[in-house]
């Protein structure tokens, strides 16, 4: 049997700054893992055709991370996705870095796994790692309905980079966690989003991403959770994890850009079409949809869905695991080092929203236990920016409608609000009232059918589907009209 | 807090009991807000209240459902089987509360194994998600463990690495003594907080099989079918309904039909009087089933069981129990013979097994047990076991002056030589005469004979035989002396003396695992202000005293 491993020199194939060429143990582990990763990519990565050529054989204008220098860390070029150079890149070492928080605050940051925290650390890495391939799996069919080559390229860019983020976590598992780590690395490739037998670990990563509006919502909301988690892990006293996450954040920014501009362009297309057709009423759904755009109430429903699913990813508001991980110095808070406190939280409290006697109130709980709540609050704040921008597009077109984030207790399965029936504007109602209004809160089957019919692949360079506006500029030094995905010149 | 052990499926908050022909399903769906104290029972974690319902369900399955041959314990929550005993509950419980809780949960799990082994009601654990700590220990008490193989679900005993205590509900013992997990793998398993999943869990013998989610239900159904096929229970009823147990309490008395307890708070004693039947046994097993919960052996055993649990949990200052009987020895003898004659009938077998388990509770009770044989008593056969369960016994030689009652007699029957074994799997007499076969055979030669105090004393069946001149003084002094000793030392002494002879899984669970656990529970490393139990959930790590003791 000939495998890629027989003839490939991984130390040069894999862009890295971890001394891969000299690390025989790691090389051996990766030689075993890499072919399985490629199998997974071919099996679960983007599927579909452009001009009868499978996506996996097309040239895609992709950026590849090749170094960790601030300028020039990425290089753009046409790449076939299976040839993408998934690298192992960590932010540069900070000399003299110390554990920034928790019990070990001020001690030198760990360069190897502390035995006492092996299980906790491994679990943090496995959970983070599990989300990366999951989103690739969730999004694998979207290329078939891409509204432009520009968007198709963005999708594939997000996909290969999620693949790289999986690599980053697998590197940590294989380099630092011995046999257990290698096994977990393989498990990451065996689980499948939405598979009843081997589901991904977190609920939101087993939901479908059925269409492009969902994709943009996902990259805006759910990847932003990813960002918050990475920000928290980037603070870690386990230095290799911190450095890995700091570099991942550079790529993650693009994913959120895709989401923010994607939803924005859809909103803009709708608002402009309404203005051009002289429709003032955003609830005049039939007429709006007949313009080939997505009505704003449906966009709000999608927003409600993705926002609420994503809030569940933060876990229980009060969490022992989060407290343990913070105190141990493994997972910090958003912008930990910029916070002005003792970074140990031993006596302090944090206000957590709870339902008390039928009303939402802030209740002070020990700050160590409230870390998930705090990270979620930071997240909600971080979500506001994009929503404000989207509303500007609506206002600019003279349409009277405002997109809003639903109440944090709306449609929750995990934590303090699980099992409650709360409307998007934060009223607690009984289940039958809620169910009766469900179709105004969350996307319906009819919405889904409408969107399915609307979304058709557009493959002419510079052309865009009716329901999404042109972006302001292109990407990777190219114009909007550039042929971002093309059939290779020679077979 | 006064704990009542009496409940009924209609009142369960944490379990759903459903019967479908020969299969019963015990679905665990713990109500987070249903704890006995200020703790949330998250992720199917349990406290004493949850386990009281489990005990009730196991008992009812045995008596009310003769047709049930296999029982599956499953979770009604998604992707979580059971997270074990609630840690916050352990954190805020006093030492006696923790110990009592563990003892009761251990007895319930032993009872599940007793049903499997002896009454043809086989148990299966269907782990649809992770089973940790006491959750996995519950599974260990069953005959067959199926674990879902979804890449995430694990079985785990995280007590040592996470909580600084032991898996004390039989976990460590059953790993090596029941499932024959190699001791080095058991060491590894018991120190990885995240547990073991999938095929490795099978390879290490931690579970019997794994099944993917899509085939989980069918795998469980097939195994239940296989287990049911091994059962000798009748395929149809009627069963015996465990009607509500009547009990009247005052500050110093607890009264059931066939049993009464009188508390002396000054001397810290409880006098438990078991009352014999007033009518002869029914004509046959079917008639006994018809009598149901009113059938004297069952009614008496239920009362004794509840009294033990009540006194243990709610009357912890009462350090000495005085056991007495009262009734017509001939009618007791007739019942004793009736039970022995019909051991092959499911219901009679069930009653005798229940009596066995209840007597075992006495053996495991951390109270001094004295049995008193006086005129008017009926220590015959099974009731004579109350003598041999005691730490010491007193028999009146002759009669009390001025009271016109014949002198007390003692009578051994086959019941003392077979079915009512202790946790060491020996009869109480074999235990009493451990290493002395001649004394045991001599006792066997006395079966059926009425023994007066001198004869009983000569046969070494009672500790002391006093006449009425000495009786009151001797007893008073003995009780006052007993009450003056350290209760801790007494418990330790009694537990060491009650179980001569070989170890079994049960004696190891109570004598080794529980004893170590109880020691660890009192250590600052577990229960001190900086100990693991107190700090659990705060995010802070325990501050251990590193001395190995």
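Couple of notes before you dig in:
- Residue satisfying all of: in the range B:230-252; touching a strand residue (DSSP E or B) at 6+ places or on another chain (Cβ under 9 Å) and closer than 22 Å to residue B:124 by Cβ; surrounded by the most Cβ atoms within 10 Å (Cβ to Cβ) among these: B:231
- Count of the range B:204-227 residues which are surrounded by fewer than 20 Cβ atoms within 10 Å (Cβ to Cβ) and farther than 24 Å from residue B:162 by Cβ: 13
- Only residues that are in contact (Cβ under 8 Å) with a residue 24 or more places away in the chain, over 23 Å from the mean Cα position of the chain (by Cα) and either part of a helix (DSSP H, G or I) or under 17 Å from residue B:385 (Cβ atoms) (or both) were counted across the range B:327-344, and they come to 9.
Here's the yes/no breakdown for (1) within 14 Å of chain B (Cβ to nearest Cβ); (2) part of a helix (DSSP H, G or I):
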| residue | (1), (2) |
| --- | --- |
| A:364 | no, no |
| A:369 | yes, yes |
| A:373 | yes, yes |
| A:376 | no, yes |
| A:380 | no, yes |
| A:386 | no, yes |
| A:391 | no, yes |
| A:394 | no, yes |
| A:402 | no, no |
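- Residue count for the range B:421-458, restricted to those that are in contact with a helix residue (DSSP H, G or I) (Cβ under 6 Å, 6 or more places away or on another chain), within 19 Å of residue B:379 (Cβ to Cβ) and assigned to a loop (DSSP other than H, G, I, E, B): 2
- Where residue A:183 falls short, out of the listed (1) in contact with a strand residue (DSSP E or B) (Cβ under 9 Å, 6 or more places away or on another chain); (2) within 11 Å of chain B (Cβ to nearest Cβ): (1)
- Residue that is surrounded by the most Cβ atoms within 10 Å (Cβ to Cβ), among those in the range A:353-362 that are more than 14 Å from chain B (Cβ to nearest Cβ) and either touching a strand residue (DSSP E or B) at 6+ places or on another chain (Cβ under 9 Å) or part of a helix (DSSP H, G or I) (or both): A:353
- All strands (runs of 3 or more DSSP E) inside the range B:1-105 with 2 or more residues being more than 23 Å from the chain's Cα centre (by Cα): B:15-20, B:80-82
- In the range B:507-549, the residues that are surrounded by fewer than 16 Cβ atoms within 10 Å (Cβ to Cβ), touching a helix residue (DSSP H, G or I) at 6+ places or on another chain (Cβ under 7 Å) and within 12 Å of chain A (Cβ to nearest Cβ): B:544
- Candidates B:408, B:382 - the one that is closer than 17 Å to residue B:352 by Cα, buried (at least 23 other Cβ atoms within 10 Å of the Cβ) and in contact (Cβ under 8 Å) with a residue 12 or more places away in the chain: B:382
- From B:483, B:489, residue being buried (at least 16 other Cβ atoms within 10 Å of the Cβ) and either assigned by TED's automatic domain parsing to the domain that holds residue B:99 or farther than 24 Å from residue A:321 by Cα (or both): B:483
- Only one entry in B:336, B:363, B:401, B:397 is buried (at least 18 other Cβ atoms within 10 Å of the Cβ), in contact with a helix residue (DSSP H, G or I) (Cβ under 7 Å, 6 or more places away or on another chain) and more than 24 Å from residue B:293 (Cβ to Cβ), namely B:397.
- Sole exception among (1) within 23 Å of residue A:19 (Cβ to Cβ); (2) under 19 Å from the mean Cα position of the chain (by Cα); (3) within 14 Å of chain B (Cβ to nearest Cβ) for residue A:177, by number: (2)
- Close pairs (8 angstrom Cβ cut-off, 6 or more residues apart or separate chains): more than 10 Å from every other protein chain (Cβ to nearest Cβ) and touching a residue at least 40 places away in the same chain (Cβ under 8 Å) in the range A:186-205, surrounded by 17 or more Cβ atoms within 10 Å (Cβ to Cβ) and part of a loop (DSSP other than H, G, I, E, B) anywhere: A:193/A:199; A:193/A:200; A:194/A:200; A:194/A:207; A:202/A:313; A:204/A:313; A:205/A:193
- Criterion: in contact (Cβ under 8 Å) with a residue 12 or more places away in the chain, surrounded by fewer than 19 Cβ atoms within 10 Å (Cβ to Cβ) and away from chain B (no Cβ under 14 Å) - qualifying residue of A:87, A:48: A:48
- Considering A:487, A:468, A:475, A:414, the condition of being closer than 18 Å to residue A:293 by Cβ and touching a residue at least 40 places away in the same chain (Cβ under 8 Å) is satisfied by A:468 alone.
- The range B:459-472, subset touching a residue at least 40 places away in the same chain (Cβ under 8 Å) and in a helix (DSSP H, G or I), residue nearest to residue B:385 (Cα to Cα): B:471
- Among the residues of the range B:167-196, the one identified as in contact with a strand residue (DSSP E or B) (Cβ under 8 Å, 6 or more places away or on another chain), surrounded by fewer than 24 Cβ atoms within 10 Å (Cβ to Cβ) and either in a strand (DSSP E or B) or more than 14 Å from chain A (Cβ to nearest Cβ) (or both) is B:196.
- Test: residue in the range A:384-405 that is buried (at least 21 other Cβ atoms within 10 Å of the Cβ), at pLDDT 95 or above and closer than 15 Å to residue A:311 by Cα: no
- Segments classed as helices (runs of 4 or more DSSP H), wholly inside the range A:266-327, with at least 2 members that are within 14 Å of another protein chain (Cβ to nearest Cβ) and surrounded by 22 or more Cβ atoms within 10 Å (Cβ to Cβ): A:320-327
The values are calculated or read from the model by the stated rules, or taken from the named source; none is laboratory data. Since we're looking at a predicted model, the values are computed, not measured. Virtual Cβ from ideal backbone geometry, glycine too; neighbours counted across all protein chains shown.
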